[in-house]
1. For the range 245-350, what relative contact order do you get, as a whole percent, if you take Cα pairs closer than 8 Å and at least 6 residues apart?
2. Can you give the FRET efficiency to the nearest 0.05 for ILE270 and ILE360, using r as the Cβ-Cβ distance and R₀ = 51 Å?
3. Give, in nm to one decimal, the length gained when the segment between SER211 and GLU65 is fully stretched (0.36 nm per residue of separation minus the Cα-Cα distance).
4. So how much slack lies between GLU98 and ASN190, counting 0.36 nm per residue of separation and subtracting their Cα-Cα distance, in nm?
5. Strictly over 19 Å apart at the Cα level, which of LYS113/LYS223; LYS221/LYS342; LYS135/LYS312; LYS113/LYS258; LYS221/LYS313 would you flag in this model?
6. Which of the trypsin sites (Lys or Arg not before Pro) found in the range 342-410 are loop residues per DSSP with 15 or fewer other Cβ atoms within 10 Å of their Cβ?
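What follows is calculated from the coordinates using simple rules that are stated; it is not laboratory data. Predicted model, so just to flag it, every value in this text is computed and none were measured. Cβ: placed from backbone, ideal geometry, glycine included. Neighbour counts: every protein chain shown.
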Amino acid sequence: MINDKYQLTSDDQYYIEKIVQPQDRTAFIDESGGFGFDFSKAGTSKYYVICAVVVKNTIIHSIEEKVSELRRKFFSGGELKSSSIGSNHKRRHQILLELLPLEFSIFVIIVNKMEFYEGSILTSNKKSFIKYLHKELYEAMRQYYPNLTIIEDEHGGKEFQKGFKEYVYNNQPQPDLFNNYSFKFTNSKNTNIVQIADIIAGSINKYMEGSTSINALRILKEKISGRRIDFPHTIQQFYRTKKNSSSFDREVSLVAFKSVNDYIENNKGIEDEEIRLRVILLKFLLFRIQYTNDAFVYSQDIVESLNEIAIKKVTRNILYRRIIAPLRDQGVLIASSPHGYKIPTSVKDISTYINQTVSIVGPMLSRIEKCREIVMTITDDKLDVLADPTLSGYKAYFDSKRNIDEFSSS
């Protein structure tokens, strides 16, 4: 019998619902491009793109129906395929816009094959290259969604698909209530959502190759968030786009990005829920600043993104106290303002954060100072409320300030 003296809070109810009815999802995966590195051969792609479209299991049927409507509208009922669109850029743009209202998220791996140095093991050993991509995609998805069914297009027997299933089975943790992966191959003709992955991967590849001006990454940016992986990892393109900006400081951004990447690397694979959310937040902020814009991200937008994958409900208070504050305590640079949070890329970003903090802390310190002065005046300086050794730092601060004030007034 339930003790009726205890009343469930909204957070308790949210947590119970997440456990009893977990938001299981399915990832539908397709790729665009090839693995060849001989760029002297005609048709060798410079980029290889992998796209995973992730959908809640409860709405798969409705998404399938909506994609069927797009097939009838654009392909006379045929498959939704990027190759069938070809150079019809207007049609490609229309299809991508039609995908926007659908409820799904995206993981994207973009491999710039031209960036590999000659003699790299990843260019001379195809198996190593494929294995690395398996690891990148699997680890990224598992961090967001512990419960996931993976479906890939079996058509053509693509090399990436051949090894991915084996990698997932060999590297996933023991199945339990919170970690459970299954894997299926299917013909793209049998599932419309794999066809979404085909369209997106193909469109991104065409844009990266320069054969279309339709930027699928920008169009779908809200569905990608922190779920884009560039390989090989480089920040140089970001610096090149910002080098002439008056609001950009390379030194500040270098220090900030290093603090972020160090934390992500040092906490890779850790199962603790709060650490997992901190890593995901940092990836989210990295994506927003590198691939969308240089603006602060509203707290509510961050909270909504984290709640997509959190076990327990994230509130704005939890965001600050349990996620942002511990990151700052460990030396990760995160700027904040009334407009939200961002990774700082300029002295102005840091100043904005400091000014906001001072506006909150300054009045509090002033009140402590007044309280201390009143007590010391009444007791003829015999009682100092900051005499406790645990408050020695504050005592030193106020003593120094008092001396400076007396010197200034003399």
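1. Once divided by the residue count of the range 245-350, the mean separation gives 42 percent.
2. Computed FRET efficiency for ILE270 and ILE360 comes out at 0.95.
3. This chain segment gains 49.5 nm when fully extended.
4. Separation in residues times 0.36 nm, less the Cα-Cα distance, equals 31.0 nm.
5. The pairs that break the limit, which is 19 Å between Cα atoms, are LYS113/LYS223; LYS135/LYS312; LYS113/LYS258; LYS221/LYS313.
6. LYS382
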